[in-house]
Amino acid sequence: MSEQAIREELAMLARSLFDRGYSVGTAGNISVRLPDGYLMTPTNSCLGRLDPARISKLGPDWAHLSGDKPSKEVFLHRAVLTARPEAGAVVHLHSTYATAISCIAPTGASGDGSPEAGDAEIPPLTPYFVMRIGRRLPCVPYYRPGDAAMEPAVFAAAKVAKALLLANHGPVVSGASLAEAVHASEELEEAARLALLLRDVPGVRRLTPAQVDDLLRTFG
Ligand code: 13P
């Protein structure tokens, strides 16, 4: 795919996320790995109104080469794309339900399909959450948006999981391609919504560890 086609796809998918309420105002940022560097949404840009020609281009060393000034979250994207060489794109949103979950202190694992200690409070309720996000969803402690100090913690989380939550801030999801990262972000938001809807409901059935293993073996 040419860089021009990727720029257009980025603007189209970002607008789709914005139009469906996954991002409001100028929240959220997206990066895509290129053969010769990275594309990154500009800082303070609205995901609903990106101009493909003005999307920031960074070199292989993450230096700003062209386009508008890149997102202040360049450290976040660098941490994930460095930790996961197989990832081609990263989507960071402030989508409501995943962000709500990021405000709940993680507890611990009980071995019954509950999240692992330090992971966000989204249990494996449905197959597509497991298929698109995986077994782990670490929650990285709170850092001020754009704080370069978050990079080691995000890097460590991204080493063990394709998605993570930033505490009291929002989700960060990687994918092999931009489309995969967007689809997984949507799936995460739905899983977070279900988790909150069912949080205090008695008798909720979670996927068992064996069912999770089977999904990851088949689709992982
Ligand atoms: P930028 O406008 O710099 O991309 O920041 C938006 C955001 O979502 C911060 O987390």
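The values are calculated or read from the model by the stated rules, or taken from the named source; none is laboratory data. Worth saying up front: this structure is predicted, and the values here are computed from it rather than measured. No Cβ is skipped: glycine too gets one built from the backbone with ideal geometry, and neighbour counts run over all protein chains shown.
Out of everything in segment 112-146 that is away from the ligand (no atom under 16 Å from the Cβ) and β-branched (Val, Ile, Thr), what residue ends up being farthest from Leu198 (Cα to Cα)?
Taking segment 112-146 as the starting set, the residues that turn out to be away from the ligand (no atom under 16 Å from the Cβ) are 112-138.
Add one more test, that the residue is β-branched (Val, Ile, Thr), and what stays is 122, 126, 130, 133.
On the way: Ile122: 10, Thr126: 12, Val130: 17, Ile133: 19 Å.
The extreme case among them is Ile133.
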(message) Step by step: first the residues of segment 12-47, then only those that are within 18 Å of Glu73 (Cα to Cα) and assigned to a helix (DSSP H, G or I), then the one that is nearest to the chain's Cα centre (by Cα). Which residue is that?
(response) Ala14
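So that you can scan it fast, the table gives a plain yes or no per residue for (1) more than 18 Å from Leu81 (Cα to Cα); (2) of a type in the set (Ser, Thr, Tyr); (3) surrounded by fewer than 16 Cβ atoms within 10 Å (Cβ to Cβ):
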| site | (1), (2), (3) |
| --- | --- |
| Ser23 | yes, yes, no |
| Thr26 | yes, yes, no |
| Thr43 | yes, yes, no |
| Ala53 | yes, no, yes |
| Trp62 | no, no, no |
(message) If I go through segment 177-205 residue by residue, how many of them are out of contact with any strand residue (DSSP E or B) (no Cβ under 9 Å at 6 or more places or on another chain) and either surrounded by fewer than 15 Cβ atoms within 10 Å (Cβ to Cβ) or at pLDDT below 95 (or both)?
(response) 8
(request) List every residue pair whose Cβ atoms lie under 6 Å apart, where the two residues are 6 or more positions apart in sequence or sit on different chains, the first residue falls within segment 38-62 and is within 13 Å of the ligand (Cβ to nearest atom), and the second residue, located anywhere, is assigned to a loop (DSSP other than H, G, I, E, B) and of a type in the set (S, T, N, Q). (result) Met40/Ser71; Thr41/Ser71; Thr43/Ser71; Asn44/Thr26; Cys46/Thr26; Leu47/Ser23
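Collect the residues in segment 63-105 that are aromatic (Phe, Trp, Tyr) and either in a strand (DSSP E or B) or within 16 Å of the ligand (Cβ to nearest atom) (or both), keeping them in residue-number order. So that I can check it myself, show each step before the final result.
Just the residues of segment 63-105 that are aromatic (Phe, Trp, Tyr), to begin with: 75, 97.
Phe75 - this is the single residue of segment 63-105 that is aromatic (Phe, Trp, Tyr) and either in a strand (DSSP E or B) or within 16 Å of the ligand (Cβ to nearest atom) (or both).
Residue by residue, here is whether (1) surrounded by 22 or more Cβ atoms within 10 Å (Cβ to Cβ); (2) not aliphatic (A, V, I, L, M) holds:
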| residue | (1), (2) |
| --- | --- |
| Gly67 | no, yes |
| Pro70 | yes, yes |
| His77 | yes, yes |
| Thr82 | no, yes |
| Gly88 | no, yes |
| Val91 | yes, no |
| Tyr97 | no, yes |
| Ile122 | yes, no |
(message) As an exercise: evaluate Ala149 against (1) within 16 Å of the ligand (Cβ to nearest atom); (2) part of a helix (DSSP H, G or I); (3) surrounded by 14 or more Cβ atoms within 10 Å (Cβ to Cβ) and give the number of the one condition it does not meet.
(response) (3)
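Of the residues in segment 155-179, how many are in a helix (DSSP H, G or I) and in contact with a Lys or Arg (Cβ under 8 Å, 6 or more places away or on another chain)? It would help to see each step written out before you state the result.
Of all residues in segment 155-179, those in a helix (DSSP H, G or I) come to 155-160, 178-179.
Filter once more, so that each one left must be in contact with a Lys or Arg (Cβ under 8 Å, 6 or more places away or on another chain): 158-160.
Matching residues across segment 155-179 total 3.
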